[in-house]
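Engineer: First the structure, which I've put down as structure tokens, then a few questions once you've had a look.
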Amino acid sequence: MQLRQWQSECVNHATKQFSANQRHFLCLATPGAGKTVMASEVAARLFEQGLIDFVLCFSPSVNIAQGIQKTFSHRLSCRFDGVIGSIGCSYTYQGMLSFKEDFWQLLEKNRVLVVFDEIHHCSGRTIEDANVWGEEILLNIQDKARYTLALTGTPWRSDQSPIALSRYTDPDNKIQCDFIYGLKEAIADIVCRSPKIVLIDNEKISVTDKDNETKTFNCFDELFKDKSVPYQSVIKNNEALRHILTLATDKLKIIKKVNPNAAGLIVSSSTEHAAYIFNMLKTEFNQTAQIVTYKENEPSHRINEFRNSSINWIVSVGMISEGTDIPRLQVCCHLSRVKTELYFRQVLGRILRMTTSVDQQAWLFTFAEPKLVEFANRIAEEIPDMPVIFSPPVNVSPSEAISLDKDEVMKDNISPRDTSKLEVGSSFNKKPLQVDTLEIVTPKNAIGLVSQSFELLGGFREKVVSTFDSPF
């Protein structure tokens, strides 16, 4: 297996560190860079050096776990399914909770390498501040595994709690990664695509309350700062949806003229939202599409089908937001109500994987909500300047993103910052007058409820944020 330069460097660094009896290794590599291949090579080297007997892999979803199993089995030329004769197995973090004491004795009686994909799903430095997956790591793996290899493309959590198995500096609490391979380097090495992020705005938005008092806003930034209308109302607005889908489907058509196998992803806000968009794609835009949510039978099978098909679009909620490898994805619409930087970068990562095709464009379309604008302009920073809180969190959930298909609830607790250093190009395209009315109900002073009429009366416009200079 021919390794990329960064993979070779990381493998050498990890094996050297393990040989020096440093047991835990954290690799930050941008989504799409090839972390799983690198991890399988580390395992192979440790087997060759006689340092391990077995490998356990944990990841956020069944689909990712299956991909890891396939990669490790291929590299190690051995079964990797946990049955007699295999030298490892791949599980989900959720599956970790069902293991009994006799399973964890494997780590006490053998020299085991444990690989964690997207380790940021597991939080906790102590039992008191750990989520359920972090607690399992602290109790059964941290002091019992011969080595651990933790992988992430986003080494922080939106709830600001510490990531399991990670080291932080004192006193500023910044995470310490043993190896870093960022998006800028990956694009320069032609390992990842150079994405363009399209921020869609509207020049005249009208909100009328129950007393027929009307406010007019010149952009989404003003609208959301006024707190008259929630972001969810925009991503569910018919005209807003129709406009963003027009841009995205037109872009995919252009790419498919060169790459017939190219495809697009829609990340929606709920199963109902996903079904609505799915129907729009098929009926209004005449697009072939697949829908994947927890309500469909065998969602992992549907994802695998789409990966190897010629279907244009896949519509989901949270199942394809992280780790899922579908390299033919080149266009994405971020229509989730989740507005954290962690999730934004994970969604962007779905369209960054390189293929052998001629056209390697990558386009993400979303609305110009203030936080999303900030995140788009801050992509160059590997780790946002976020504090880590070493204290017991309240109502800690096992994961930040894996259960999004049911309620898709995440805390929006990232403080905005003013930055525009990556904003190297803009284009504003005026569209004909768009009118759509939506009745919404919003809380007023946390006491009564007020009905409002929300209208998009102005032309749409788009600002294109080119994150890095493309090597193509």
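The values are calculated or read from the model by the stated rules, or taken from the named source; none is laboratory data. Nothing here was measured: the structure is a model prediction, and the numbers come from that model. Cβ coordinates were reconstructed from backbone atoms using ideal geometry, including for glycine residues, and neighbour counts include every protein chain displayed.
Table: residues versus (1) under 23 Å from M280 (Cα atoms); (2) modelled with pLDDT of 95 or more; (3) not basic (K, R).
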position: V207; (1), (2), (3): no, no, yes
position: L223; (1), (2), (3): no, no, yes
position: S228; (1), (2), (3): no, no, yes
position: K236; (1), (2), (3): yes, no, no
position: I244; (1), (2), (3): yes, yes, yes
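Engineer: Any residue at all in the range 64-78 that's outside any helix (DSSP H, G or I), assigned by TED's automatic domain parsing to the domain that holds E135 and surrounded by fewer than 23 Cβ atoms within 10 Å (Cβ to Cβ)? First the steps, then the outcome.
Structural biologist: Of the range 64-78, the ones outside any helix (DSSP H, G or I) are 77-78.
Now restrict to residues that are assigned by TED's automatic domain parsing to the domain that holds E135: 77-78.
Subset that is surrounded by fewer than 23 Cβ atoms within 10 Å (Cβ to Cβ): 77-78.
Looking for residues that are outside any helix (DSSP H, G or I), assigned by TED's automatic domain parsing to the domain that holds E135 and surrounded by fewer than 23 Cβ atoms within 10 Å (Cβ to Cβ), one finds at least one in the range 64-78, hence yes.
Engineer: Restricting attention to the range 92-127, report how many residues are among the aromatic types (F, W, Y) and surrounded by fewer than 24 Cβ atoms within 10 Å (Cβ to Cβ).
Structural biologist: Just the residues of the range 92-127 that are among the aromatic types (F, W, Y), to begin with: 93, 99, 103-104, 116.
Filter again for surrounded by fewer than 24 Cβ atoms within 10 Å (Cβ to Cβ), leaving 99, 103-104.
Number satisfying all stated conditions: 3.
This table checks each residue for (1) in the same structural domain as T148 (by TED's automatic domain parsing); (2) closer than 20 Å to R337 by Cα.
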site	(1), (2)
D159	yes, yes
D201	no, yes
F217	no, no
F224	no, yes
N237	no, yes
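Engineer: Of the residues that make up the range 55-62, is at least one outside any helix (DSSP H, G or I), of a type in the set (G, A, S) and touching a residue at least 60 places away in the same chain (Cβ under 8 Å)?
Structural biologist: Taking the range 55-62 and keeping what is outside any helix (DSSP H, G or I), we get 55-61.
Checking which are of a type in the set (G, A, S) leaves us with 59, 61.
Among the residues that remain, those that are also touching a residue at least 60 places away in the same chain (Cβ under 8 Å) are: 59, 61.
Yes, the range 55-62 contains a residue that is outside any helix (DSSP H, G or I), of a type in the set (G, A, S) and touching a residue at least 60 places away in the same chain (Cβ under 8 Å).
Engineer: Only one of A248, A240, A262 is in contact with a Cys (Cβ under 7 Å, 6 or more places away or on another chain), surrounded by 19 or more Cβ atoms within 10 Å (Cβ to Cβ) and in contact (Cβ under 8 Å) with a residue 12 or more places away in the chain; which?
Structural biologist: Numbers: A240 fails: in contact with a Cys (Cβ under 7 Å, 6 or more places away or on another chain); A262 fails: in contact with a Cys (Cβ under 7 Å, 6 or more places away or on another chain).
Matching residue, one of A248, A240, A262: A248.
Engineer: From the list D102, D81, which residue is part of a loop (DSSP other than H, G, I, E, B) and of a type in the set (D, E, K, R)? Write out each step before concluding.
Structural biologist: Values: D102 fails: part of a loop (DSSP other than H, G, I, E, B).
It is D81.
Engineer: For the range 273-354, which fully contained strands (runs of 3 or more DSSP E) count at least 2 residues that are surrounded by fewer than 24 Cβ atoms within 10 Å (Cβ to Cβ) and assigned by TED's automatic domain parsing to the domain that holds E239? First the steps, then the outcome.
Structural biologist: Values: elements: 289-292, 313-316, 329-334.
It comes to 289-292.
Engineer: Looking at (1) closer than 23 Å to V234 by Cα; (2) surrounded by 18 or more Cβ atoms within 10 Å (Cβ to Cβ), can you tell me which one D159 breaks?
Structural biologist: So D159 meets the others, but not (1).
Engineer: Still on this model: If a residue has to be within 23 Å of Q69 (Cβ to Cβ) and in contact with an Asp or Glu (Cβ under 7 Å, 6 or more places away or on another chain) to count, how many in the range 121-154 make the cut?
Structural biologist: Number of matching residues: 4.
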